[in-house]
Amino acid sequence: MAEALEKKLELRVIAPTMATGKSPYKFKKTVDMVIMRCTTGDMGILPGRVPCSMVLDTGILRIFDEDSDVKERHMAIMGGVAHVSDNVVTILSDAAQKPSDIDVEKVTAELKEFRRLFDETPDLNQKQIYRKDIQRCQVQLDVAATTNK
């Protein structure tokens with residue numbers, strides 16, 4: 001049995017601003033693999049990975065678990081940091097959302113408004129801020145569209 005556990009990762013997603021009173025974890029589960037969006041590109045983590053840390057970008061966290069009814073789950077991660085050591089992946093993010101956490105109507109309205117503001121402003125610095133808001137909304141909508149609710 002210990003051998004089987006060595007072929008798995010423990011994924012811990014901590015979002016302090018979104019934590020419930022019962023647990024600091026937004027998501028905690030033993031999984032086969034995770035793929036996360038880092039500032040340098042996507043990073044896939046498998047069991048046995050050497051220790052490392054990375055800075056996360058806004059993106060989709062893909063969680064794979066062959067032993068589950070749902071083989072691939074998605075979460076929206078709004079930046080943060082990740083640390084991998086001893087087959088434990090710990091993600092600390094200000095915002096992490098499962099598909100069921102996302103209000104599609106609200107995010108769709110926000111996306112429409114940010115696109116309008118982006119198109120109307122001549123200020124390049126403000127455009128960059130709106131671009132990040134548009135990216136966040138798009139990630140949320142992409143995750144909400146997944147079937148692992």
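So for the chain: antiparallel DSSP bridges make up what percent, rounded to the nearest 5? The partial results should precede the final answer.
Values: 34 of 39 bridges.
Looking only at bridges with both residues in the chain, the antiparallel portion is about 85 percent.
Modelled this way, with points 7 Å down the Cα-to-C-beta line, the labels at M43 and S85 are 1.4 nm from one another. When the square roots of the Cα gyration tensor eigenvalues are ordered a ≥ b ≥ c, the ratio a/c for the chain is 1.5 or more and a/b exceeds b/c, which makes its shape prolate. Taking Cα atoms only, the orientation of helix 104-120 departs from the longest principal axis of the chain by about 50 degrees. Axis of helix 124-144 versus longest Cα principal axis of the chain: the two differ by about 50°, to the nearest ten degrees. Taking 30 Å as the straight-line reach from the Cα of K127, the lysines in range (excluding those fewer than 8 positions away in the same chain) are K98, K106, K112. In the full protein context, the chain carries 58 Å² of accessible surface per residue, based on a 1.4 Å probe and ignoring ligands, DNA and RNA. The ellipsoid equivalent to the alpha-carbon distribution of segment 53-100 has semi-axes of 19, 16, 7 angstrom, derived from the gyration tensor eigenvalues as √(5λ) and listed largest first. Work out, step by step, the length gained on full extension between N125 and E10: first 0.36 nm times the residue separation, then minus their alpha carbon distance; give nm to one decimal. Roughly 37.4 nm would be gained on extension. Judged by the ratio a/c of the largest to the smallest principal axis of the C-alpha gyration tensor, segment 90-149 counts as oblate, that ratio being 1.5 or greater while a/b is no larger than b/c.
Taking θ as phi - 60° and the Karplus parameters 6.51, -1.76 and 1.60, the scalar couplings of segment 56-63 work out to 8, 9, 5, x, 9, 8, 9, 10 Hz in sequence order, x denoting glycine and proline.
Roughly speaking, to the nearest percent, how much of the chain's 1.4 Å accessible area is carbon and sulfur? The partial results should precede the final answer.
Details: 4660 of 8700 Å².
Answer for the chain: carbon and sulfur cover 54 percent of the accessible area.
Here the spin labels are modelled as points 7 Å beyond Cα on the Cα-Cβ line, and at Q135 and S68 they lie 2.6 nm apart. Tell me what the chain gives for mean residue ellipticity at 222 nm when only DSSP H runs of n ≥ 4 count, each as -39,500 (n - 2.57), the sum divided by the residue total, rounded to 500 deg cm²/dmol. About -9500 deg cm²/dmol.
The values are calculated or read from the model by the stated rules, or taken from the named source; none is laboratory data. These figures come from a predicted structure and were not determined experimentally. For neighbour counting, all protein chains shown are included, and Cβ atoms are generated from backbone atoms with ideal geometry for every residue, glycine included. Side chains included, ligands, DNA and RNA excluded: accessible areas come from the protein's heavy atoms. Shrake-Rupley method; radii C 1.70, N 1.55, O 1.52, S 1.80 Å.
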